[in-house]
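S.K.: One structure coming up, written as structure tokens, with questions to follow.
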Amino acid sequence: MDPRNGISRIMEQETVAKKTKISYPAIGKGRYGAVYLGNLHGDNVAVKIFTSKEEASWSREVRIYQTVMLQHENILRFIAADNKDAGTCTELWLITEYHENGSLFNYLSDTTLNQEALFKIAYSICCGLAHLHTEMIGIRGKPAIAHRDIKSNNILVKKDGSCAIGDLGLAVCYYSKSNTIDIPSNERVGTRRYMPPEVIEDTLNMRSFDAFKNADIYSFGLVLWEVLSRSNITGTPDDYAPCFSEMVPHDPSIEEMRRVVVVGKRRPRLKKEWEIHPFISPICKIIRECWSDNNESRLPVLRVKKTLHSLLHSGDMKI
Ligand code: ADP
Ligand code: MG
Ligand code: MG
């Protein structure tokens, strides 16, 4: 993408951002800045505010959201970007569509899921990830994108119970024509709890874009497990707890994750009753093939999408 296009597009959006009023306190907090509920022409929007120290993260996330053809119902909708003079400092704003159900993490904490709700969440995340991962060739094509921080906090739940993938700040793009990955970064990034073995061990092949996509698939498998853990299909579910809660403390270190995931080869428990249920057991199989130790043997997202789609049909589910 020509960076000048990006900048001029940001300029056009400035007027939109200037008209946005935000309310306090923050509705969400992540690694960078905080997210506020905003009001733009009477509509709710979400405003993620970065400090000027975090400019690189802001401009990276904005640039990814502005990727041609990124728009998809299961990717958080970008509205505008702006920088605001806030007196003593400059605030960098990223405005997106607001989802009152909050993140999947928030949602699963107080909601249990029936079969249709479960499939709607699982299938919609899968569709969003498939859209990200798939390169579209042509003048108005899109690069393949790997997210690199798939987790329940970075997925929003829409009013109709389907999901949108957000927090694209760590994503990387791949262009097959030039066989290039846009930031050949050597750092280990992502959230430790959701890191696949090869990221924990720092052995991910940075030259292979498939390796980045397969790392996303591992994390997606963990998210699917979290979703399954809140289903009421085979009985009353346990309280929501993120994956590996029984095995590592809050904010685990790399070493703590390494002991569990790499050395112990442990994964969250798939319950016996799930394994014998006609619609849940195929999901258990998907999860196992997603969180496999071996980066290369994980399922491609389009394969997961196809399997979930055929399950939806065989179950005559309306989602
Ligand atoms: P960070 O990059 O700092 O992790 P995120 O984009 O993940 O920031 O946002 C942090 C939290 O803010 C999310 O986990 C979610 O709870 C909330 N949030 C983010 N975007 C939205 C949105 N569009 N609608 C509602 N809540 C949101
Ligand atoms: Mg986040
Ligand atoms: Mg982020």
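The values are calculated or read from the model by the stated rules, or taken from the named source; none is laboratory data. Predicted model, so just to flag it, every value in this text is computed and none were measured. Because the Cβ atoms are built from the backbone with ideal geometry, glycine has one as well, and the counts that use them run over all protein chains shown.
S.K.: So GLY169 fits all but one of (1) in contact with a Phe, Trp or Tyr (Cβ under 8 Å, 6 or more places away or on another chain); (2) within 16 Å of ligand 3 (Cβ to nearest atom); (3) assigned to a loop (DSSP other than H, G, I, E, B); (4) at pLDDT 95 or above; what number is the exception?
M.R.: The single condition GLY169 does not satisfy is (4).
S.K.: Can you find a residue that is surrounded by fewer than 18 Cβ atoms within 10 Å (Cβ to Cβ) and assigned to a strand (DSSP E or B) anywhere in the stretch 121-144?
M.R.: Yes, the stretch 121-144 contains at least one residue that is surrounded by fewer than 18 Cβ atoms within 10 Å (Cβ to Cβ) and assigned to a strand (DSSP E or B).
S.K.: OK, next. Looking only at residues that are part of a loop (DSSP other than H, G, I, E, B) and touching a residue at least 24 places away in the same chain (Cβ under 8 Å) in the stretch 189-204, which one is farthest from ligand 2 (Cβ to nearest atom)? Write out each step before concluding.
M.R.: As a first pass, look at the stretch 189-204 and keep what is part of a loop (DSSP other than H, G, I, E, B): 189-191, 195-196, 201-204.
Adding the requirement that they be touching a residue at least 24 places away in the same chain (Cβ under 8 Å) leaves 189-191, 195-196, 201, 204.
Values: VAL189: 12, GLY190: 11, THR191: 8, MET195: 15, PRO196: 18, GLU201: 24, LEU204: 20 Å.
Only one residue fits best here, namely GLU201.
S.K.: Could you grab me the full set of residues in the stretch 64-91 that are within 16 Å of ligand 2 (Cβ to nearest atom) and part of a strand (DSSP E or B)?
M.R.: Within the stretch 64-91, the first condition is being within 16 Å of ligand 2 (Cβ to nearest atom), and the residues that meet it are 64-65, 75-76, 78.
Listed by number, the residues that qualify are ILE75, PHE78.
S.K.: Inspect the stretch 46-64 for any residue being within 18 Å of the chain's Cα centre (by Cα), of a type in the set (Ser, Thr, Tyr), more than 30 Å from ASN232 (Cα to Cα) and within 15 Å of ligand 3 (Cβ to nearest atom) and give the result as yes or no.
M.R.: yes
S.K.: Specify the residue that is surrounded by the fewest Cβ atoms within 10 Å (Cβ to Cβ); the eligible residues are those in the stretch 81-120 that are among the β-branched types (Val, Ile, Thr) and within 16 Å of ligand 1 (Cβ to nearest atom).
M.R.: Among residues in the stretch 81-120 that are among the β-branched types (Val, Ile, Thr) and within 16 Å of ligand 1 (Cβ to nearest atom), the one surrounded by the fewest Cβ atoms within 10 Å (Cβ to Cβ) is THR111.
S.K.: Does the stretch 92-114 hold any residues that are hydroxyl-bearing (Ser, Thr, Tyr), more than 11 Å from VAL157 (Cβ to Cβ) and either touching a strand residue (DSSP E or B) at 6+ places or on another chain (Cβ under 6 Å) or in a strand (DSSP E or B) (or both), and which are they?
M.R.: THR96, TYR98
Let's see how each residue does on (1) surrounded by 20 or more Cβ atoms within 10 Å (Cβ to Cβ); (2) within 26 Å of LEU76 (Cβ to Cβ); (3) modelled with pLDDT under 95; (4) among the small types (Gly, Ala, Ser):
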| residue | (1), (2), (3), (4) |
| --- | --- |
| ILE165 | yes, yes, no, no |
| SER176 | no, yes, yes, yes |
| ARG192 | no, yes, no, no |
| SER219 | yes, yes, no, yes |
